[in-house]
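Accompanying notes for the structure given below.
The values are calculated or read from the model by the stated rules, or taken from the named source; none is laboratory data. It should be emphasised that the depicted structure is a prediction, and the values quoted were computed from it without experimental measurement. Cβ sites come from the backbone with ideal geometry, for glycine too, and all protein chains shown count toward neighbours. Surface accessibility is based on the protein's heavy atoms, side chains included, excluding ligands, DNA and RNA. Shrake-Rupley method; radii C 1.70, N 1.55, O 1.52, S 1.80 Å.
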Amino acid sequence: MKISVNLNRIPLSYNIKDDFEKARLYLLKHNVDITFTFKDVSVKGYVSYWNGSRWLLSQTQNLVQLDPSADMDMFVFDQAEWANPKGSKFPLKPNTPNGNCFPMLGKPFINIGRFTSPDWQQIAHEIMHGIVEI
């Protein structure tokens, strides 16, 4: 399975690729073999909204180039950077639930917000949602 990962201005200090490797090894134990392709992006426009239980970043799938050869596309952003999105009715809190997966153009698209804690479980969790979508 190929997953295209768009890293949106993720600080090097986050060591995010280490978390992706931990998620890959975890899923491999469950017979899911994943190859990640990483791309650095700089998305500044977004729409955030509250769906009654969690914050979602909508429209990000239209702001990054989807990889037609990938089984899933991901958008990883620094949640601290977007703590108070301009124009949002409600501020995005740094410790708000920070992942969602939804179908886009016939395949899963995943948003993951990263604050400061290791996030490999969140990565694996959202990928599992994507596997269910597939």
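At pLDDT below 85 and more than 15 Å from the chain's Cα centre (by Cα): which single residue out of 113, 99, 87 fits that description?
Details: 113 fails: more than 15 Å from the chain's Cα centre (by Cα); 99 fails: more than 15 Å from the chain's Cα centre (by Cα).
Of 113, 99, 87, the one residue that is at pLDDT below 85 and more than 15 Å from the chain's Cα centre (by Cα) is 87.
Please specify each residue of the stretch 1-22 satisfying the condition of being touching a residue at least 60 places away in the same chain (Cβ under 8 Å) and not in a helix (DSSP H, G or I).
Matches in the stretch 1-22: 1, 2, 3, 4, 5, 6, 7, 8, 9, 10, 11.
Among the numbered criteria (1) buried (at least 16 other Cβ atoms within 10 Å of the Cβ); (2) part of a loop (DSSP other than H, G, I, E, B); (3) modelled with pLDDT of 75 or more, which one does residue 73 miss?
(2)
Can you tell me how many residues in the stretch 13-37 are open to solvent by 70 Å² or more (accessible area, probe 1.4 Å) and either at pLDDT 85 or above or within 18 Å of residue 130 (Cβ to Cβ) (or both)? Walk me through how you get there before you give the answer.
Initial filter on the stretch 13-37 (open to solvent by 70 Å² or more (accessible area, probe 1.4 Å)): 13, 15, 17-18, 21-22, 25-26, 28-31, 33, 35.
From the residues that got through so far, the ones that are either at pLDDT 85 or above or within 18 Å of residue 130 (Cβ to Cβ) (or both) too are 15, 17-18, 21-22, 25-26, 28-31, 33, 35.
Looking only at that region, the number is 13.
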